[in-house]
Amino acid sequence: MTELLSANGVETFGDLRDGGEVAPLQVVISDVTARRLLLFPRDATLFGINPDELGVALALRMSASIPVVYEPVRLNHARDNTEHLLVDGGMLSNFPLWVFDRTADAETQVIGLRLVDDQPGDSLAERLPVSSLARTRLGQLIDYVENLARTMMEAHDRRYLDAGDIGRTIQIPTLGVGTTEFDLSPARIEELFLAGEAAVNRAIDGGQSSILPES
């Protein structure tokens, strides 16, 4: 991510502001050490870091740190060197429309794109991999903790939405693809893309007229 962003002239959040007061990218992160939700770059000040000097790739790496699947990011406070473990913000808020409500001006309408399970009535347990009985007790414990993390992440997508959020949310089906399925075929990726495109087109064509600005 660092290389890709640098190729486009972006290293820190300051590079994204382009003269504006607020960076257009807001990254949600869970601080396991302090048990709190963070919003970067704003909350970089809690670590003695200038928000404009915080690396974009670093913040994205924090937000992508699904517990057990990825190692958490360790960030030390700039002044007292206190270490904090930072993981995926989805552990605490996986559909943070509130972020943009707080930063958008009065004339800007916030629309959410939300990944949803195709069959929310099915038990998530049915989609979890079954641990091998031949595994050691330690191996079974690791399987259990990893599956627990995956369940928590996917369960967020089944949360009830407030009435105010439903009318401005486009529901995009996941086609049964799980949060941690990283070995998708090109054909499956294309299916997901087309599913998202179709969901947005349905909303624009009148399926969810409430998300569109008044003419």
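The values are calculated or read from the model by the stated rules, or taken from the named source; none is laboratory data. Keep in mind that this is a model prediction, so the values were computed, not measured. A quick note on method: Cβ atoms are made from the backbone with ideal geometry, for glycine too, and the neighbour counts reach across all protein chains shown. Ligands, DNA and RNA are excluded from the accessible area calculation, which covers all protein heavy atoms including side chains. Shrake-Rupley method; radii C 1.70, N 1.55, O 1.52, S 1.80 Å.
Tabulated data for the structure shown
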{"item": "Close pairs from the range 62-85: first closer than 13 Å to G48 by Cβ and β-branched (V, I, T), partner part of a loop (DSSP other than H, G, I, E, B) and open to solvent by 40 Å² or more (accessible area, probe 1.4 Å), Cβ under 9 Å, at least 6 apart", "result": "T82/T33"}
{"item": "Failed item in (1) open to solvent by 60 Å² or more (accessible area, probe 1.4 Å); (2) more than 29 Å from T180 (Cβ to Cβ); (3) modelled with pLDDT under 90, with G20 passing the rest", "result": "(1)"}
{"item": "One residue from N50, N94 being closer than 29 Å to G167 by Cα and open to solvent by 20 Å² or more (accessible area, probe 1.4 Å)", "result": "N94"}
{"item": "Pairs with Cβ under 8 Å, 6+ apart, first in the range 1-15 and touching a residue at least 60 places away in the same chain (Cβ under 8 Å) and under 22 Å from R42 (Cβ atoms), second open to solvent by less than 100 Å² (accessible area, probe 1.4 Å) and part of a helix (DSSP H, G or I)", "result": "M1/V56; M1/A57; M1/L60; M1/R61"}
